[in-house]
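Below is one structure; the comments refer to it alone.
The values are calculated or read from the model by the stated rules, or taken from the named source; none is laboratory data. Quick caveat, the model's predicted, so the values are computed rather than measured. Positions of Cβ are backbone-derived with ideal geometry, glycine not excepted, and every protein chain shown enters the neighbour counts. For accessibility, only protein heavy atoms count, side chains too; no ligands or nucleic acids. Shrake-Rupley method; radii C 1.70, N 1.55, O 1.52, S 1.80 Å.
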Amino acid sequence: MAAITYKNASCIYEGSDKLAVDNLNLDIADGEFVVLVGPSGSGKSTALRMLAGLEDIDEGAIEIGGKDMTGVPSKDRDIAMVFQNYALYPNKTVAENMGFALKLRGVSAEERRKKVENAAKILDLTEHLDRKPAKLSGGQRQRVAMGRAIVREPQVFCMDEPLSNLDAKLRVQTRTQIAALQRRLGTTTVYVTHDQVEAMTMGDRVAVLRFGKLQQFAAPNELYDRPANAFVAGFIGSPAMNLVTLPIAPGGVKIGESTLELDREQLSKLTDAGLSEVTFGIRPEQLELTDSGGVEVVVDLVEDLGSEAFVYTHAGDVELVARCNPRTAPKLADTARLRRHPEGAIHLFHPQTGERLN
């Protein structure tokens, strides 16, 4: 096990004029589970491949256990990769797949068998050791790929969207298993995903990337409660945070024909910034239906999920989503009123830079 440090690490692909990873700085503690998350093209997989030695570090450095990995081949980094594609040998049994890397290292058959059996016990694969991959489900194949990494007992696990090929129910089950397994083994893990729900539920800390640049690196609760900018605010959370650019009115911000009040400190921030409009953010779960006051809206869609419902509305050209009780949800085309929940947080961002103001 080892700590990992990205020091102004950059990577640019041949023929491109833009950095795939741009001056990335991360300090990952020994035994920590860190998730790299972002939309397609954000540089998260490139950052992982730089750590694994599969992409060159064009500027800066990456350290594992305090040792600079610049120029060090992948095979000498003591890293185990788990890919989106299981990449199992179809002609080998589960046991042979899991122990193949040890066989190449010259590990004795007895020691290989012991390590494979231990990993199989952890992953609930003991009864499948003599099967070929074709006889396994998708989740079982992914566990075999995990087992192949575990038996190597590496310093670092690198996981590149390992759940993307699984169906929704199996993804939930397997991500729980991976997170529990990492806590049990205590191996430093860097996990890449585009799914913010995976990121929030699995990681000790989450690094949000966009266009190769780090937007925020923090614990899941901090990303949710205090996003550093409008991009993080809109990316983290499901459904996404309501983010709308609104004119500033006396005492608050104008939504349609109504004014949503802000407190004195928030108004002071807007005055100090010298703005006439602001990007206003509030999460759907922090808006509620009310009989009076608030903002008048028209209902466009109601998503009934059984335990909760999400109401999609508009007020003029402003669109808002709110969570409500499905038993009392309004109907399509109804007129309703929305207000901020008494404990709901309001987020204010600069309309041009997207940086947080409050």
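Share of Cα-Cα pairs in the stretch 1-86 beyond 19 Å, in percent? Counting every Cα pair in the stretch 1-86, those more than 19 Å apart make up 36 percent.
When the Cα positions of 255, 106, 299 are compared along the charge dipole of the chain, 106 comes out farthest toward the positive end, with charges on each C-beta of Lys, Arg, Asp and Glu.
For the stretch 116-133, backbone phi angles converted through the Karplus equation (6.51, -1.76, 1.60; θ = phi - 60°) give residue-by-residue couplings of 5, 5, 5, 5, 5, 5, 4, 9, 6, 10, 4, 6, 10, 4, 9, 8, 8, x Hz, Gly and Pro being listed as x.
Of the solvent-accessible surface of the stretch 283-358, computed with a 1.4 Å probe and all protein chains present, 45% belongs to carbon and sulfur. Here is how the number arises for the chain: DSSP H runs of 4 or more residues each give -39500 (n - 2.57), the sum is divided by the residue count, and the result at 222 nm is -8000 deg cm²/dmol. When only the Cβ of Lys, Arg, Asp and Glu is charged (+1, +1, -1, -1), the dipole of the stretch 82-154 relative to its Cα centre reaches about 160 debye.
Shown for the stretch 220-282: the carbon plus sulfur share of the solvent-accessible area, taken with all protein chains present and a 1.4 angstrom probe, equals 45%. Remark: the chain carries 49 Å² of accessible area per residue (probe radius 1.4 Å; ligands, DNA and RNA excluded). Mind giving me the FRET efficiency for residue 291 and residue 8? R0 is 45 Å, r the Cβ-Cβ distance, nearest 0.05 is fine. With R0 = 45 Å, the Cβ-Cβ based efficiency is 0.20. The charge dipole of the chain, taken about its Cα centre with unit charges on the Cβ of Lys, Arg, Asp and Glu (plus for the first two, minus for the last two), comes to roughly 1660 debye. Any idea what diffusion coefficient the stretch 78-178 gets from Stokes-Einstein, in µm²/s, Kirkwood Rh on alpha carbon pairs, 20 °C, 1.002 mPa s? My calculation gives 158 µm²/s for D.
For the residue pairs 44/114; 67/103; 92/115; 121/169; 75/169, alpha carbon separations beyond 29 Å are given by 44/114; 75/169. Projecting the Cα atoms of 242, 231, 128 onto the charge dipole of the chain, computed from C-beta unit charges around the Cα centre, puts 128 farthest toward the positive end. Per-atom-type breakdown for the stretch 72-154 gives carbon and sulfur 47% of the accessible area (1.4 Å probe, protein chains only). For the options 317, 225, 56, a Gaussian network treatment of the chain with springs between C-alpha atoms closer than 10 Å singles out 317 as fluctuating the most. When you work out D = kT/(6 pi eta Rh) for the stretch 38-90 at 25 °C and 0.890 mPa s, using the Kirkwood radius from C-alpha pairs as Rh and the Stokes-Einstein form, the result is 197 µm²/s. Label-to-label distance, residue 131 versus residue 300, with points set 7 angstrom from Cα along the beta-carbon direction: 4.6 nm.
Could you work out how far the C-alpha centroid of the stretch 65-128 sits from that of the stretch 171-198, in angstrom? Distance between centres, Cα-based: 18 Å. Each peptide among 99-109, 80-90 gets the average number of other Cβ atoms lying within 10 Å of its residues, and from highest to lowest they stand as 80-90, 99-109. Magnitude of the charge dipole for the stretch 210-325, about its Cα centre and with charges confined to Cβ atoms of Lys, Arg (+1) and Asp, Glu (-1), is about 620 debye. Computed from the Cβ-Cβ distance with R0 of 22 Å, the FRET efficiency linking residue 67 to residue 101 stands at 0.50. Based on the alpha-carbon gyration tensor of the stretch 193-323 and its eigenvalue square roots a ≥ b ≥ c, which shape applies: rounded if a/c is under 1.5, prolate if not and a/b is larger than b/c, or oblate? Since a/c reaches 1.5 but b/c is at least a/b, the shape of the stretch 193-323 is classed as oblate. By its C-alpha gyration tensor, with a ≥ b ≥ c as the square roots of the eigenvalues, how is the stretch 260-358 shaped: rounded for a/c under 1.5, else prolate for a/b larger than b/c, else oblate? Prolate, since a/c reaches 1.5 and a/b exceeds b/c.
Taking the Cα centre of the stretch 309-358 as the origin and placing charges on Cβ (Lys, Arg +1; Asp, Glu -1), which of 312, 352, 329 is farthest toward the positive end of the dipole? Value: 329. Multiplying the residue separation of residue 173 and residue 85 by 0.36 nm and subtracting their alpha-carbon distance yields 29.9 nm.
Centre-to-centre, using Cα atoms only, the stretch 8-42 and the stretch 282-332 are separated by 38 Å. In terms of packing, defined here as the mean over residues of other Cβ atoms within 10 angstrom, the peptides 133-146, 2-15 line up highest first as 133-146, 2-15. Here, P(r) means the percent of Cα pairs in each 10 Å bin from 0 to the largest distance; for the stretch 12-152 it is 10, 33, 30, 21, 5, 0.
When only alpha carbons of the chain are considered, Rg and Dmax amount to 24.4, 77 Å. Mean sequence separation of contacting Cα pairs (under 8 Å, at least six apart), scaled by the length of the chain, corresponds to a relative contact order of 16 percent.
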